[in-house]
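Written below as structure tokens is the structure these notes are about.
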Amino acid sequence: MNHSRTIGNRIFQGSRCGSMMVELLACGALLGVVLSTAIPALRWAIHQRKFTDEREVAMLEVDNLMERVTALDWNELTTERAGEFRLSAAVAAQLPESRLAIAVEPDADDASAKIVRINLTWDDAALRPAPPVRLTAWVYRRDAKPEQQERVEPN
């Protein structure tokens with residue numbers, strides 16, 4: 001029995017089993033290369049997603065804290081009173097080693113204003129400090145009257 005085939009002007013003899021095995025090995029090697037580059041990229045994407053989620057939670061928490069602090073009465077708005085505010089339990093659980101600092105100080109340029117600064121830091125999954133979330137607001141006395149502007153009347 002003759003196992004020869006004619007394709008175009010060429011005559012092939014023998015079986016294709018050997019070449020099929022080589023093709024499978026080449027495909028396996030190619031698949032290995034693709035997976036070896038894809039797995040680190042997926043790991044990086046997962047890490048970035050976690051970092052982004054933590055940062056979003058931190059920004060929302062600082063924003064909510066700022067609303068609560070600035071809602072205090074003018075006379076209550078002190079560093080000691082603001083220091084009584086804490087992170088919510090859910091945020092404290094999500095941000096490992098979180099540290100919250102709230103400072104209230106008078107504005108040097110305007111006696112009817114106080115500056116509120118909130119700083120939230122935490123450690124990421126690798127126990128490295130994550131970039132802090134900071135928010136600053138100026139709070140003005142509610143019963144303060146606008147300063148009288150100097151008028152110059154024409155002659």
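Bear in mind that the values in this text are calculations on the coordinates, not laboratory data. Please read all numbers here as calculations on a predicted model, not as lab measurements. For neighbour counting, all protein chains shown are included, and Cβ atoms are generated from backbone atoms with ideal geometry for every residue, glycine included.
Just checking, which of Ala38, Ala58, Ala92 is assigned to a helix (DSSP H, G or I) and surrounded by fewer than 13 Cβ atoms within 10 Å (Cβ to Cβ)? Write out each step before concluding.
Values: Ala58 fails: surrounded by fewer than 13 Cβ atoms within 10 Å (Cβ to Cβ); Ala92 fails: surrounded by fewer than 13 Cβ atoms within 10 Å (Cβ to Cβ).
Within the list Ala38, Ala58, Ala92, the selection yields Ala38.
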* In this structure, is Leu135 more than 25 Å from His47 (Cβ to Cβ), in contact (Cβ under 8 Å) with a residue 40 or more places away in the chain and either surrounded by 13 or more Cβ atoms within 10 Å (Cβ to Cβ) or not acidic (Asp, Glu) (or both)? -> yes
* Structure fact -> Picked from the range 43-91 (must be out of contact with any helix residue (DSSP H, G or I) (no Cβ under 8 Å at 6 or more places or on another chain) and among the hydroxyl-bearing types (Ser, Thr, Tyr)), the residue farthest from Pro131 (Cα to Cα) is Thr78
* Asked: List the pairs whose first member sits in the range 39-52 and is more than 18 Å from Val91 (Cβ to Cβ), whose second member is of a type in the set (A, V, I, L, M, F, W, C) and not in a helix (DSSP H, G or I), and whose Cβ atoms are under 8 Å apart, counting only residues at least 6 apart or on separate chains?
  -> His47/Ala125
* Collect the residues in the range 95-137 that are farther than 20 Å from Thr52 by Cα, assigned to a strand (DSSP E or B) and of a type outside the set (Val, Ile, Thr), keeping them in residue-number order. => Ala101, Ala103, Glu105, Pro106, Ala113, Lys114, Arg117, Ala137
